[in-house]
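The values are calculated or read from the model by the stated rules, or taken from the named source; none is laboratory data. Keep in mind the model is a prediction, meaning the values are calculated, not measured. Ideal geometry is used to build each Cβ from the backbone, glycine not excepted, and the neighbour counts take in all protein chains shown. Ligands, DNA and RNA are stripped out before the accessible areas are found, and what is left, the full protein with its side chains, is counted by its heavy atoms. Shrake-Rupley method; radii C 1.70, N 1.55, O 1.52, S 1.80 Å.
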Amino acid sequence: MLLPLFIIFPFIVGVFMLLMNGQKPQKWLGALVSGALVALFFYLSCNGKEMAYQADWFSFNNVKTYIALEGTGLGGLMLLLSNLVYAALFIYIGSSDQKYSNSFYGLLLIALAGLNGVFLANDLILFYFFWEIVLIPIYFLIGIWGIGADKIKANMTFFLYTVLGSMFMLAGIIYIGFNLKPVSFLITDVQQVTTPYFSTNTFLALLFLIAFVIKIPIFPFHTWQPTAYKTSPTPVTVVLSALMAKMGLFAVVHWFLGLFPSISELFNYFLYVAIFGLVYASLIALSSKNIKKIIAYSSIAHLALIFVALFTQNEIGTQGAYFQMFSHGLVVLGLWLIVDVLERQYNVKDINSIKGLATANPTLAILLMIFGLANVALPLTSSFIGEFMMLNALFSYNKILAVFACLGVILSAVYTLRLAGAILFGEVKNIDLNDRTKDTSGVILVLAVVAIIVIFLGVYPTPIFEIIAR
């Protein structure tokens, strides 16, 4: 009975904060909500409480729908990630001197409610409902609080891409409801009608896959992402990069592979497209000087590797991909927050903006280096566990894919170390040594805690695998 709180609680508080627009900003309310939900997750997990809830909803063409929630396995792990990232994000905002209105915080919380719903939904209609809910607050967050002259164009591109993907998925749902007519839209009942038809109805599977790869995003459906990341305020960029991308990967696992478990030759060929996108994105990151662009394309490359690993039909590859989904969420959270600090303190835009950060601000430099090393999957960081397992599985599944994936890992090390080296070392340039006092202890504390989690999971990954196994 407590599981619906992950959706209801942030939604109600989010609406309440929208109604408080114009009042004194409640910067810490979001941290309390997301922190309470992290505590609730551990309470339910550690006490063996049932992580499922089901109630009647309505009928669609005589096919029943349910408010069916389940927080086990990958869904539980993504539920923890979303609320953990939000807690860190709200504490970071509260500790810094950023000024947002209650409407901004309210929309962020409504997006959290939608994200939690996506990761919990076990009914196809309910999943689609939450999938769309997430889009609405993000659209307004970018449109109102976006940065730069391109924000309207970037927001419209993001909106059109994701709505187009959603239309493909909706067409698939309508086809299932009117033609295949399962008993209900629960995943177990939909599987009964989609699995036998897969060999003759690849088009239906393709409708769902297009919607999901746009959200991740996977090449060639990625063009909305770099500009959206660049023009969004940092908290929204974090949500897009750390969490909404995981919506697409989670949907591939839970709904695409769940409804269409057989892998057709068509989708095997698509893996070559995805791995090409990994190398392509890495080369773009390598050639770019804009820091946000480097991280955006780096994210595309890492997500492509996770996507390919999910199709290896190998338990090691699947477990590694699940682990990496969680790890990537934490690493990009740290990277984007450090970029935000660099922008606000030193007006950093590209890798040539400043030099000598290690001399001027060694604490921030160390944190940047930790997240940079995690981004290249160095041993003793959480990314190493996931990438090692995925590459191992890829080598057994398809050696060509494995070679290109390894090339992407090498390129990742080159562009990440190039970025860190340009900013951290050399004679101090464009940095006022007095600016370091702008760092509040809260901002550094948030980054340090996330960095400690990244290192801890690199040394002792068992807790994540235990959550996946539940």
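Treating the angle as unsigned and between 0 and 90°, give the value, to the nearest 10°, between the Cα long axis of helix 5-19 and the longest Cα principal axis of the chain.
Between helix and principal axis, roughly 60 degrees.
Could you report the accessible area of Tyr269 in Å², rounded to 10, computed with a 1.4 Å probe on the protein chains as they sit in the structure?
140 Å²
Helix-only mean residue ellipticity at 222 nm, the chain, DSSP H runs n ≥ 4 weighted -39,500 (n - 2.57), per residue, nearest 500. What is it?
After summing the helix terms and dividing by the residues of the chain, the value is -23000 deg cm²/dmol.
Would you calculate the separation in nanometres between label points at Leu164 and Ser59, each defined as 7 Å from the Cα along the Cα-to-beta-carbon direction?
Between Leu164 and Ser59, the label points sit 3.8 nm apart.
Rounded to the nearest percent, how much of the accessible area of the stretch 1-87 (1.4 Å probe, protein heavy atoms only) is carbon and sulfur?
Here it works out to 63 percent.
Relative contact order of the stretch 23-106, please, whole-number percent, based on alpha carbon pairs below 8 angstrom and at least 6 residues apart.
44 percent
Given (i) -0.33; (ii) -0.47; (iii) -0.51 as candidate values of log10 I(q)/I(0) by the Debye sum over Cα atoms at q = 0.07 Å⁻¹, which corresponds to the one derived from the coordinates?
Recomputing log10 I(q)/I(0) by the Debye sum over Cα atoms at q = 0.07 Å⁻¹ here gives the entry labelled (i).
What ranking of Thr162, Thr72 comes out by heavy-atom accessible area, probe 1.4 Å, highest first?
Thr72, Thr162
Can you give the angle from 0 to 90° between the axis of helix 291-310 and the longest principal axis of the chain, with both taken from C-alpha atoms, to the nearest 10?
Value to nearest ten degrees: 30.
At Gln98 and Trp28, where each label point lies 7 Å from the Cα along Cα→Cβ, what is the point-to-point distance in nanometres?
Rounded to a tenth, the inter-label distance reads 1.9 nm.
I need the calculated FRET efficiency for the pair Lys349 and Ile444, taking r as the beta carbon distance and R₀ as 22 Å, to the nearest 0.05.
0.45
If you take the charge dipole of the chain about its Cα centre, with +1 on Lys and Arg Cβ and -1 on Asp and Glu Cβ, which of Ala469, Met390, Gly14 is farthest toward its positive end?
Gly14
For the Cα atoms of the chain, what angle does the longest principal axis make with the long axis of helix 399-424, in degrees from 0 to 90, nearest 10?
Computed tilt is about 30 degrees.
Could you sort Asp123, Asp189 by accessible area so the largest value comes first, with the probe set to 1.4 Å?
Largest to smallest exposure gives the sequence Asp189, Asp123.
Once the Cβ-Cβ distance between Ser262 and Ile136 is put in as r, and R0 is 30 Å, what FRET efficiency do you end up with, to the nearest 0.05?
Working from the Cβ atoms, E equals 0.30.
What accessible area per residue comes out for the stretch 155-292, rounded to a whole number of Å², with a 1.4 Å probe?
Accessible area per residue, the stretch 155-292: 34 Å².
Where the centre of each part is set by its Cα atoms, how far does the stretch 104-135 sit from the stretch 377-417, in angstrom?
32 Å
Given a 1.4 Å probe and heavy atoms of the protein chains only, how would you sort Trp145, Trp131, largest accessible area at the top?
Sorted by accessible area, descending: Trp145, Trp131.
Given contacts defined as C-alpha pairs under 8 Å and at least six residues apart, what's the relative contact order of the chain, whole-number percent?
16 percent
For the stretch 332-470, what's the radius of gyration and Dmax over Cα atoms, in angstrom?
17.2, 54
Nearest 5 percent is fine: what portion of the DSSP beta bridges confined to the chain is antiparallel?
Bridges in the chain that DSSP calls antiparallel: roughly 90 percent.
Given R₀ = 56 Å, FRET efficiency for Phe16-Lys399 by Cβ-Cβ distance, to 0.05?
FRET efficiency, Phe16 to Lys399: 0.50.
Over the stretch 317-470, average the accessible area per residue using a 1.4 Å probe and give it in Å², no decimals.
So the stretch 317-470 comes to 40 Å² accessible per residue, rounded to a whole number.
Starting from the Cα of Cys46, step 7 Å along the direction of its Cβ; do the same at Lys153; then give the gap between the two resulting points in nm.
Result for the modelled spin labels: 5.1 nm.
Given a 1.4 angstrom probe, I'd like the percentage of the accessible area of the stretch 217-372 that is carbon and sulfur, rounded to a whole number.
C and S fraction of accessible area: 61 percent.
Using DSSP to call loops (not H, G, I, E or B), can you name the chymotrypsin sites (Phe, Trp or Tyr not before Pro) in the stretch 386-470 whose Cβ has at most 14 other Cβ atoms within 10 angstrom?
Counting only loop positions with at most 14 other Cβ atoms within 10 Å, the chymotrypsin sites (Phe, Trp or Tyr not before Pro) in the stretch 386-470 are Phe425.
Would you tell me the accessible area of Met167, worked out with a 1.4 angstrom probe on the heavy atoms of the protein chains, in Å² to the nearest 10?
We get 90 Å² for Met167.
What figure, in Å² to the nearest 10, do you get for the accessible area of Lys181 with a 1.4 Å probe and non-protein molecules left out?
In the full protein context, Lys181 sits at about 120 Å².
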